[in-house]
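Note sheet for the following structure.
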């Protein structure tokens, strides 16, 4: 026959957390924003170049129409 286990309240573990200084966190956020801006600029330049190519192809298509 199975034995009954006593139900005891489990004590939550205390986990040590390391809180970074606000200045450090703000610097990291700023660095990430600068990196994201660089990536955005790259994509915008690429999109502009592709748009120019599309515009040229559209113009060539219009010229070729009778």
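The values are calculated or read from the model by the stated rules, or taken from the named source; none is laboratory data. Quick caveat, the model's predicted, so the values are computed rather than measured. Glycine gets a Cβ as well: all are built from the backbone with ideal geometry, and neighbour counts include every protein chain shown.
Would you point out which residue out of 30, 59 is more than 19 Å from the chain's Cα centre (by Cα) and surrounded by 10 or more Cβ atoms within 10 Å (Cβ to Cβ)? Don't jump to the end; show me each part of the working.
Numbers: 30 fails: more than 19 Å from the chain's Cα centre (by Cα).
The unique qualifying residue is 59.
With exposed (fewer than 10 other Cβ atoms within 10 Å of the Cβ) and either modelled with pLDDT of 95 or more or part of a helix (DSSP H, G or I) (or both) as the only criterion, which of 23, 9 stands out? Working first, answer last.
Working: 9 fails: either modelled with pLDDT of 95 or more or part of a helix (DSSP H, G or I) (or both).
Being exposed (fewer than 10 other Cβ atoms within 10 Å of the Cβ) and either modelled with pLDDT of 95 or more or part of a helix (DSSP H, G or I) (or both) holds for just one of 23, 9, which is 23.
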